[in-house]
Ligand code: NAD
């Protein structure tokens with residue numbers, strides 16, 4: 001229980017990768033503030049079953065004023081946030097000429113600007129205690145592009161850039177900032193893209209295989225548990241000098 005006594009805020013943690021990371025941090029002993037849409041009850045129960053304190057705040061991460069309210073809620077309920085995981089994210093797939101302007105704005109707000117707001121609001125407390133971990137869930141698309149994902153790729157490259165700047169501004173402190181860059185993980189966000197292939201005539205198995213074969217040489221999905229393991233490592237003392245990294249866990253996506 002290496003993270004006992006620490007509090008983690010994981011944005012977008014009612015499902016998928018965020019929930020996987022929240023559970024890994026909880027199993028390591030951290031209390032957790034969950035965030036995200038949908039019924040939070042299953043996620044609250046799963047984290048509580050790890051024997052830690054857990055709460056949920058429903059802030060919409062595209063709204064700076066709601067982010068500020070969530071940070072105040074965290075301070076009031078837990079007294080501190082030591083580990084910030086900026087994970088909330090959405091996707092939209094379309095050629096740039098047809099990309100809906102409001103989807104561009106939402107993707108930039110949720111996938112990038114929200115991390116600026118949580119970081120600027122929580123960093124002062126981390127600096128005061130001279131300990132903190134900021135983990136930005138970027139993507140393989142934070143390091144390379146793919147057609148039809150202009151907003152997502154721009155936001156994730158931006159998040160990797162933000163990670164480097166925060167790492168430099170905190171370099172002489174006990175606060176570290178790093179990005180994790182997953183390849184394909186089978187979550188609702190990716191299921192939508194598999195469903196698009198099924199609508200175009202593929203069987204479910206063919207759709208998953210084709211999605212993996214295009215990008216991920218392992219031909220296997222990364223799991224939220226594996227990403228949670230990396231997040232726990234980044235919170236450990238062994239990772240004190242891992243700063244400004246964009247760490248891919250992608251089944252070999254970036255190796256080609
Ligand atoms: P998901 O759809 O399963 O989960 C997204 C979470 O974010 C949910 O809890 C949802 O409620 C929450 N959310 C969405 N919009 C929100 C908003 N406006 N305010 C607050 N919460 C909001 O998706 P996921 O696949 O688990 O993705 C999590 C992160 O991982 C995203 O940043 C995504 O870009 C990144 N990622 C995913 C993959 C993948 O293959 N699934 C790969 C690389 C990176």
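What follows is calculated from the coordinates using simple rules that are stated; it is not laboratory data. Just so it is clear, the model here is predicted, and its values are computed rather than measured. Neighbour counts are summed over all protein chains in view; Cβ atoms, including those assigned to glycine, are modelled from backbone coordinates with ideal geometry.
Overview of results
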| item | result |
| --- | --- |
| Fluctuation leader among 246, 76, 46 - the chain, Gaussian network, Cα springs under 10 angstrom | 76 |
| Structure-based [θ]222 nm, the chain - -39500 (n - 2.57) summed over DSSP H runs of at least 4, per residue, nearest 500 | -14000 deg cm²/dmol |
| Equivalent ellipsoid, region 157-238 (semi-axes from 5 times Cα gyration tensor eigenvalues, Å) | 34, 14, 9 |
| Order of 156, 4 under a 10 Å beta carbon neighbour criterion, fewest first | 4, 156 |
| Net lengthening on full extension, residue 219/residue 77 (0.36 nm per residue, minus Cα-Cα) | 46.8 nm |
| Within a Gaussian network of the chain (alpha carbon springs, distance under 10 Å), most fluctuating of 182, 42, 58 | 42 |
| Counting all C-alpha pairs of region 194-243, share separated by more than 13 Å (%) | 67 |
| Förster-model FRET efficiency, 35 Å R0, residue 45 and residue 240, C-beta, rounded to 0.05 | 0.55 |
| Of 123, 234, 219, the one that fluctuates the most in a GNM where the chain has Cα springs shorter than 10 Å | 219 |
| Debye equation applied to the C-alpha atoms of region 1-97, log10 I(q)/I(0) at 0.13, 0.14, 0.16, 0.17 Å⁻¹ | -0.41, -0.47, -0.60, -0.67 |
| Order of 61, 70, 196 - criterion: other Cβ atoms within 10 Å of each residue's Cβ, fewest first | 196, 70, 61 |
| Pairs of Cα atoms farther than 25 Å apart, the chain, % | 40 |
| Pairwise FRET efficiency - residue 68 versus residue 168, Cβ, R0 = 25 Å, nearest 0.05 | 0.50 |
| Order of 177, 50, 235 under a 10 Å beta carbon neighbour criterion, fewest first | 50, 235, 177 |
| Ratio Rg/Rh [Cα only; Rh per Kirkwood] for region 24-151 | 1.01 |
